[in-house]
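Q: After the structure tokens below, expect a handful of questions from me.
The values are calculated or read from the model by the stated rules, or taken from the named source; none is laboratory data. Just so we're clear, the structure is a prediction, and the values are computed from it rather than from any experiment. Cβ sites come from the backbone with ideal geometry, for glycine too, and all protein chains shown count toward neighbours.
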Amino acid sequence: MEYKRKNVWLNIDQGQKDELEEISKDYIDFLNVSKTERLATKEIIRRANKLGFKSLEEKIESKDLNPGDRVYAVNKNKAVALFVIGSDDLEKGMAIVGAHTDSPRLDLKPVPLAEDSSLAYFKTHYYGGVKKYQWTTIPLALHGIIFTKDGERIEVSIGEGDDEPVFTISELLIHLSKKQLEKPAREVIEGEQLKVIIGSIPLADEDDNPVKKNVLKILNEKYGIVEEDFITAEFEVVPAIKARHAGLDNSMVIGHGQDDRVCSYAALNALLSIKNPQKTAVALFVDKEEIGSYGATAMTSQFFENTVLELLNINDKANLISLKRSLKNSKVLSADVTLAYDPNFKKVSELDNTAQFGCGVALTKYTGSGGKGGSNDANAEYLQEVRSAFDIDQVIYQTGELGAVDVGGGGTIAFILAEYGMDVIDCGTPVISMHAPTELVSKADLYQTVKAYKAFYKNI
């Protein structure tokens, strides 16, 4: 029989459509309070605590870990792992859904403040793969933390409230853009031009950088910080644009950072619904995926491995063999988004092997670029296991590929987890305008992503 994708909207009943809308509303709320990886981690923990999860530290202290227990472990406030302990021994492996909470954005430089021609700026360094020209003229918000010299930790959030100011990056007026428009797109705006305008009022009786000094005065009065404190700061600049329902038919969600918070949300939603599993269920939310997964909060760190070892130790099984077995015998969905076929840009995709908007969650056997460079390539046996798990719960799924073979490509955390010997396949939501300041997903695909992760935990 011929393989044909199913449109989700034509294959669900009214009760499922109502459930879809409830999930979509909750997802929008999640997006709007999770603009950075720190904020996403905070929200994940808040929701987990509400449903009875205990910190790893509490479990270590009590030396008590039983089937059905709900545990979370935090990594430097930027990554988190949630566990629902199964009736099977950990050595028999875990069912893991692994997502990332970081997204392309702008980061402030260590010495960010500057003034030029009566305008004060924050200098930035873009994070992850962005089209630089997309970040001009849009309203921007600032989020992050900074420490004063005496060690006080200050949280900063400016630009999300309706009564708060926002920021922007300037663009050249069209009337004078003849030369600019002749440049390649990657050069239309250069990295050092991504300077965020933050003020224009000079401080009275100051001749040298009076606008900058006025900004510093405002920051000191509000937060107690001085310019030197910026060397401790982690400040991110993101679009000050709320996630919204989209389309005349209300069928989509538009918002910033859906790569990969759509899969993060789906993994969280799925795991929080799990009770008394046979195999320990795990949801991983890591950092730094957009810049190669390097660093102490990334998937390449030993955070997850160390956390599993701590869980084993509670039951006096903290040995290398038990740890290696627990990891090797695990099954993983690498929960990351994929390309949704966009009829506006047909030439970069191969239609039959690109996920279609509204046709469900996408299974991506391999990522990488060119000749599968840098990819995890899932084996046939595991694909069959996943397919069977989805079929049991009538998940509507499809296949996907990140572009035509010679055009480009991308990667996920799949290959890192595969290094432990785990079976891994990429499985996530198709996205239009991936890595743009705002991205578009289908509510139908979000719904099926949640269903897919629940089916995986239940049936794998």
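Q: Starting from residues that are farther than 17 Å from A404 by Cβ and among the acidic types (D, E), keep the ones in the stretch 332-391 and report whichever is nearest to the chain's Cα centre (by Cα).
A: D336
Q: Could you please give the count of residues in the stretch 1-54 that are farther than 21 Å from K443 by Cα and more than 14 Å from the chain's Cα centre (by Cα)?
A: Number satisfying all stated conditions: 13.
Q: For D229, indicate whether it is under 32 Å from the mean Cα position of the chain (by Cα), more than 29 Å from Q134 (Cα to Cα) and among the acidic types (D, E).
A: It is true that D229 is under 32 Å from the mean Cα position of the chain (by Cα), more than 29 Å from Q134 (Cα to Cα) and among the acidic types (D, E).
Q: Still on this model: Which one is farthest from R105 (Cα to Cα), of the residues in the stretch 129-152 that are assigned to a loop (DSSP other than H, G, I, E, B) and aliphatic (A, V, I, L, M)?
A: I138
Q: Could you tell me which of the residues A270, A281, A266 is assigned to a strand (DSSP E or B) and either at pLDDT 95 or above or among the basic types (K, R) (or both)?
A: Step by step, each of A270, A281, A266 is checked, and only A281 is assigned to a strand (DSSP E or B) and either at pLDDT 95 or above or among the basic types (K, R) (or both).
Q: Another question about this same structure. For the stretch 153-167, check the following and say yes or no: at least one residue is out of contact with any strand residue (DSSP E or B) (no Cβ under 6 Å at 6 or more places or on another chain) and part of a helix (DSSP H, G or I).
A: So far as the stretch 153-167 goes, no, none of its residues is out of contact with any strand residue (DSSP E or B) (no Cβ under 6 Å at 6 or more places or on another chain) and part of a helix (DSSP H, G or I).
Q: Only one residue in R38, R46 is crowded, with 20+ Cβ neighbours inside 10 Å and not hydroxyl-bearing (S, T, Y). Which one?
A: R38
Each row is one residue, and each column tells you yes or no for (1) acidic (D, E); (2) touching a helix residue (DSSP H, G or I) at 6+ places or on another chain (Cβ under 7 Å); (3) farther than 17 Å from F456 by Cα.
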residue	(1), (2), (3)
G373	no, no, yes
E381	yes, no, no
V395	no, yes, no
G403	no, yes, yes
G409	no, no, yes
F415	no, no, yes
A418	no, no, yes
V424	no, yes, no
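Q: Looking at the stretch 150-172 only, could you name the residues that are buried (at least 16 other Cβ atoms within 10 Å of the Cβ), within 23 Å of the chain's Cα centre (by Cα) and of a type in the set (D, E)?
A: Answer for the stretch 150-172, where residues must be buried (at least 16 other Cβ atoms within 10 Å of the Cβ), within 23 Å of the chain's Cα centre (by Cα) and of a type in the set (D, E): just E160.
Q: Sticking with this one: Within the stretch 93-114, is even one residue surrounded by fewer than 21 Cβ atoms within 10 Å (Cβ to Cβ) and free of Cβ contacts under 8 Å to residues at least 12 places away in the same chain?
A: no
Q: Okay, moving on. Determine which single condition A455 fails, assuming it passes every other condition in (1) assigned to a helix (DSSP H, G or I); (2) at pLDDT 95 or above; (3) in contact with a Ser or Thr (Cβ under 9 Å, 6 or more places away or on another chain).
A: Going through (1) assigned to a helix (DSSP H, G or I); (2) at pLDDT 95 or above; (3) in contact with a Ser or Thr (Cβ under 9 Å, 6 or more places away or on another chain) one by one, A455 breaks only (3).
Q: Applying the selection to the stretch 125-149, what residues are touching a Pro at 6+ places or on another chain (Cβ under 7 Å), closer than 18 Å to V188 by Cβ and surrounded by 15 or more Cβ atoms within 10 Å (Cβ to Cβ)?
A: If the condition is that a residue be touching a Pro at 6+ places or on another chain (Cβ under 7 Å), closer than 18 Å to V188 by Cβ and surrounded by 15 or more Cβ atoms within 10 Å (Cβ to Cβ), then V130, Q134, W135, I138 are the ones that fit.
Q: Within the stretch 349-366, identify whether any single residue is in contact (Cβ under 8 Å) with a residue 12 or more places away in the chain, of a type in the set (A, V, I, L, M) and assigned to a helix (DSSP H, G or I), and answer yes or no.
A: No, because not a single residue in the stretch 349-366 is in contact (Cβ under 8 Å) with a residue 12 or more places away in the chain, of a type in the set (A, V, I, L, M) and assigned to a helix (DSSP H, G or I).
Q: Still on this model: Determine if the stretch 58-80 includes at least one residue that is touching a residue at least 12 places away in the same chain (Cβ under 8 Å), part of a helix (DSSP H, G or I) and buried (at least 20 other Cβ atoms within 10 Å of the Cβ).
A: Yes; the residues of the stretch 58-80 include at least one that is touching a residue at least 12 places away in the same chain (Cβ under 8 Å), part of a helix (DSSP H, G or I) and buried (at least 20 other Cβ atoms within 10 Å of the Cβ).
Q: Which of the residues that make up the stretch 1-16 are assigned to a helix (DSSP H, G or I) and either in contact (Cβ under 8 Å) with a residue 40 or more places away in the chain or surrounded by 15 or more Cβ atoms within 10 Å (Cβ to Cβ) (or both)? Working first, answer last.
A: Narrowing the stretch 1-16 to residues assigned to a helix (DSSP H, G or I): 8-10, 14-16.
Listed by number, the residues that qualify are V8, W9, Q16.
Q: From I23, I44, grab the single residue that is in contact (Cβ under 8 Å) with a residue 40 or more places away in the chain, touching a helix residue (DSSP H, G or I) at 6+ places or on another chain (Cβ under 8 Å) and farther than 24 Å from R105 by Cβ.
A: I23
Matching residues to (1) within 26 Å of S326 (Cβ to Cβ); (2) in contact with a Lys or Arg (Cβ under 6 Å, 6 or more places away or on another chain); (3) of a type in the set (S, T, Y):
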| residue | (1), (2), (3) |
| --- | --- |
| E22 | no, no, no |
| I45 | yes, no, no |
| E58 | yes, no, no |
| G68 | yes, no, no |
| Y72 | yes, no, yes |
| L82 | yes, no, no |
| G98 | yes, no, no |
| P104 | no, no, no |
| D107 | no, no, no |
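Q: Restricted to the stretch 284-330, and to residues that are touching a residue at least 40 places away in the same chain (Cβ under 8 Å) and hydroxyl-bearing (S, T, Y), which residue is surrounded by the fewest Cβ atoms within 10 Å (Cβ to Cβ)?
A: T300
Q: Right, next: For the stretch 358-383, what are the residues that are buried (at least 20 other Cβ atoms within 10 Å of the Cβ) and not hydroxyl-bearing (S, T, Y)?
A: G358, C359, G360, V361, A362, L363, N376, A378
Q: Also: Among V386, V395, V424, V407, which is the only one that is part of a loop (DSSP other than H, G, I, E, B), hydrophobic (A, V, I, L, M, F, W, C) and either in the same structural domain as V130 (by TED's automatic domain parsing) or buried (at least 21 other Cβ atoms within 10 Å of the Cβ) (or both)? Full working, then the answer.
A: Working: V386 fails: part of a loop (DSSP other than H, G, I, E, B); V424 fails: part of a loop (DSSP other than H, G, I, E, B); V407 fails: either in the same structural domain as V130 (by TED's automatic domain parsing) or buried (at least 21 other Cβ atoms within 10 Å of the Cβ) (or both).
From the options V386, V395, V424, V407, the qualifying one is V395.
Q: Taking the stretch 371-398 on its own, how many of its residues are modelled with pLDDT of 95 or more and farther than 18 Å from S330 by Cα?
A: Total meeting the criteria: 8.
Q: Which members of the stretch 189-206 meet the condition of being more than 25 Å from F235 (Cα to Cα) and surrounded by 13 or more Cβ atoms within 10 Å (Cβ to Cβ)?
A: Passing the criteria: only E206.
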